[in-house]
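Trainee: First the structure, then my questions, so here it is.
The values are calculated or read from the model by the stated rules, or taken from the named source; none is laboratory data. Here the structure is a predicted model, which is why all the values come from computation and not from measurement. Please note: Cβ atoms are built from the backbone with ideal geometry, for glycine as well, and neighbour counts cover all protein chains shown. SASA here: full protein model, heavy atoms, side chains in, ligands and nucleic acids out. Shrake-Rupley method; radii C 1.70, N 1.55, O 1.52, S 1.80 Å.
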Amino acid sequence: MKYLCLIYYDEQCVDEMSDEQWQALVARCLACGEELRASGHMLAGEPLQAVRTARTVRVRDGVATVVDGPFAETREQLAGFYLIEAADQSEAEAIAAKIPPATFGSVEVRPLRQLPQR
């Protein structure tokens, strides 16, 4: 089954990291991705730019509204994602626990919905 691992962390915490700490985090993330690819679990994954670059689009009654940033303000912001293949929720959660930002942020694990075939 496919699962989406949504990676959240506090951008202020990351902004306060030294260059050395940031490079170490990036290296750990790249190594984690390579390990997951080698094991056949990783299907895709990408980091996202800072939440300040986000735009939210909502359409109500046929009218599109575009605003800067997410509607919900939270301490933790979506930083990236991994799309993984796992046998079940428990295995997906074990994989998510290996994603480095889980040590100072969080990783939400959600199964992909299977839409009915036509």
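Trainee: Please go through the stretch 1-89 and write out the GluC sites (Glu not before Pro) that DSSP classes as loop and that have at most 10 other C-beta atoms within 10 Å.
Mentor: Values: sites: Glu11, Glu16, Glu20, Glu34, Glu35, Glu73, Glu76, Glu85; in loops: Glu16, Glu73, Glu76.
Answer in residue order: Glu16, Glu73.
Trainee: Moving on. If the chain between Glu108 and Val66 were fully stretched, how many nm would it gain, using 0.36 nm times the residue separation less the Cα-Cα distance?
Mentor: Working: separation 42, 0.36 × 42 = 15.12 nm, distance 2.61 nm.
Additional length available on full extension: 12.5 nm.
Trainee: Search the structure for amide H atoms under 5 Å from the amide H of Asp10, placed 1.01 Å from N in the peptide plane, and list their residues when 5 or more places away or on another chain.
Mentor: Sorted by chain and number, the residues that satisfy this are Gln77.
Trainee: If I compute solvent accessible area with a 1.4 Å probe over the protein chains, what percent of it on the chain is carbon and sulfur?
Mentor: Numbers: 4340 of 8270 Å².
Looking at the chain in its full context, I get 52 percent from C and S.
Trainee: Using r as the Cβ-Cβ distance of Gln23 and Glu91, and R0 as 41 Å, what FRET efficiency do you calculate, to the nearest 0.05?
Mentor: Values: r = 30 Å, r/R0 = 0.74.
E between Gln23 and Glu91, to the nearest 0.05, is 0.85.
Trainee: Which whole-number value in Å² is the accessible area per residue of the chain, probe 1.4 Å?
Mentor: On the way: 8270 Å² over 118 residues.
Normalised by residue count, the accessible surface of the chain is 70 Å².
Trainee: Let me ask you something else. I need to check one value: relative contact order of the stretch 17-73, counting alpha carbon pairs closer than 8 Å and at least 6 residues apart, in percent.
Mentor: Values: 32 pairs, mean separation 11.9, N = 57.
Across the stretch 17-73, relative contact order equals 21 percent.
Trainee: Using the basic label-point model (7 angstrom from Cα toward the beta carbon), what is the Gln117 to Leu43 distance in nanometres?
Mentor: Calculated label separation equals 1.6 nm.
Trainee: Based on the Kirkwood radius over alpha-carbon pairs, what value in µm²/s does the Stokes-Einstein equation return for the translational diffusion coefficient of the chain at 37 °C and 0.692 mPa s? Intermediate values should be presented prior to the final figure.
Mentor: On the way: Rh = 15.8 Å.
Rounded, D is 207 µm²/s.
Trainee: If you average the sequence gap of Cα pairs under 8 Å that are 6 or more apart and divide by the length of the chain, what percent do you get for the contact order? Don't jump to the answer; show the numbers that get you there.
Mentor: On the way: 173 pairs, mean separation 55.9, N = 118.
Answer for the chain is 47 percent.
Trainee: Whole Å is fine, so just give me how far the alpha carbon centre of the stretch 50-70 lies from that of the stretch 1-41.
Mentor: Each part's Cα centre sits 27 Å from the other's.
Trainee: Show me, for the stretch 23-37, the HN-Hα J-couplings you get by feeding each phi into the Karplus relation (A = 6.51, B = -1.76, C = 1.60, θ = phi - 60°), rounded to Hz, glycine and proline as x.
Mentor: Each residue's phi maps through the Karplus curve to give 4, 5, 5, 4, 4, 5, 5, 5, 5, 4, x, 5, 4, 5, 5 Hz.
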